[in-house]
Structure formats: C-alpha cells, structure tokens
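**Q** Here's a structure for you.
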Amino acid sequence: ESCGGVVQGLNGTIESPGFPHGYPNYANCTWLIITGERNRIQLTFVTLALEEDFDIVSVYDGQPLPGNLKMRLSGFMLPSPIVSSGSILALWFTTDFAVSAQGFKAVYE
C-alpha cells in the first residue's frame, strides 16, 4: 500500500495507511508538508494508536534529517500541537513485523 509523499496546501489531514482499520506491517512512509514561504505549520494529532516502542511516528522540523527530529511518537498518548519553525514539516512512520493498531490521524494548518 502506497503512503507518504509531498503534501501541499494551507491545511489538510494525514492518516496512516489503512486508518482507522489498522496499518500494515513493515510500513515505511514519509510525508513532507510544505506550505508557502512565510507560513509556519501547526500539526495536531487527533488520533494516536500505535504499538508502543515498535511502531513509531517521527516528526521533523524541516526535512527528515536526524538533526531536525522534533518528536518521536508511539503508543496512545496524544502530544500537544507541534509548530514548525519554517515552512516544512516532515513525518516518518515506520512499523515492525507484528501487532498493528488503529494508527494515527493528524491535521495541519
């Protein structure tokens, strides 16, 4: 199942593949949210249900590079909204070989 890609526009929704019926094993998805030049992005998770410690959403402030890592999410605790410092925010979603959960849904604006 394909997932990830470049997401453009002032607002929108990003969901894990298969949401809300569970995501596949071995998922490896990267989304790049790109807004206009001077816009910052606020990302709010509305649902988060991932296998604790094994299925992870990483949020990057800018391109998905190690130095830009802002947050790693797993389990069921919703984080507070994440605000980018610039006009790019990236999400990287990886899952392991077993146990899947509902997944995640996030809105950005």
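**Q** Does the stretch 27-50 hold any residues that are of a type in the set (A, V, I, L, M) and part of a strand (DSSP E or B), and which are they?
**A** If the condition is that a residue be of a type in the set (A, V, I, L, M) and part of a strand (DSSP E or B), then L32, I33, I34, L43, V46, L48, A49 are the ones that fit.
**Q** Any chance you could count how many residues in the stretch 69-91 are open to solvent by 10 Å² or more (accessible area, probe 1.4 Å), under 12 Å from L32 (Cβ atoms) and among the polar types (S, T, N, Q)?
**A** Number of matching residues: 1.
**Q** Identify, from the list L78, L69, the residue that is of a type in the set (A, V, I, L, M, F, W, C), closer than 14 Å to K105 by Cβ and modelled with pLDDT of 95 or more.
**A** Of L78, L69, the one residue that is of a type in the set (A, V, I, L, M, F, W, C), closer than 14 Å to K105 by Cβ and modelled with pLDDT of 95 or more is L78.
**Q** Being touching a Gly at 6+ places or on another chain (Cβ under 6 Å) and open to solvent by 50 Å² or more (accessible area, probe 1.4 Å) is the filter; apply it to the stretch 1-54 and report the residue that is nearest to Y108 (Cα to Cα).
**A** The selected residue is T30.
**Q** So which residues in the stretch 1-18 are under 16 Å from W92 (Cβ atoms) and over 10 Å from the mean Cα position of the chain (by Cα)?
**A** S2, C3, G5, V6, V7, P17
**Q** Could you please give the count of residues in the stretch 70-109 that are free of Cβ contacts under 8 Å to residues at least 60 places away in the same chain and touching an Asp or Glu at 6+ places or on another chain (Cβ under 7 Å)?
**A** Result for the stretch 70-109: 8.
**Q** Related question: I want to confirm something. Restricting to the stretch 92-109 and keeping residues that are out of contact with any Ser or Thr (no Cβ under 7 Å at 6 or more places or on another chain) and aliphatic (A, V, I, L, M), which single residue is most open to solvent (accessible area, probe 1.4 Å)?
**A** Only one residue tops the list, namely V99.
**Q** Is there a residue being farther than 26 Å from A101 by Cα, of a type outside the set (F, W, Y) and in contact with a helix residue (DSSP H, G or I) (Cβ under 9 Å, 6 or more places away or on another chain) anywhere in the stretch 30-41?
**A** Among the residues of the stretch 30-41, not one is farther than 26 Å from A101 by Cα, of a type outside the set (F, W, Y) and in contact with a helix residue (DSSP H, G or I) (Cβ under 9 Å, 6 or more places away or on another chain), which makes the answer no.
The values are calculated or read from the model by the stated rules, or taken from the named source; none is laboratory data. The structure presented is a predicted model; accordingly, all values stated were derived computationally and were not measured. Neighbour counts are summed over all protein chains in view; Cβ atoms, including those assigned to glycine, are modelled from backbone coordinates with ideal geometry. Surface areas here come from the heavy atoms of the whole protein model, side chains and all, with no ligands, DNA or RNA. Shrake-Rupley method; radii C 1.70, N 1.55, O 1.52, S 1.80 Å.
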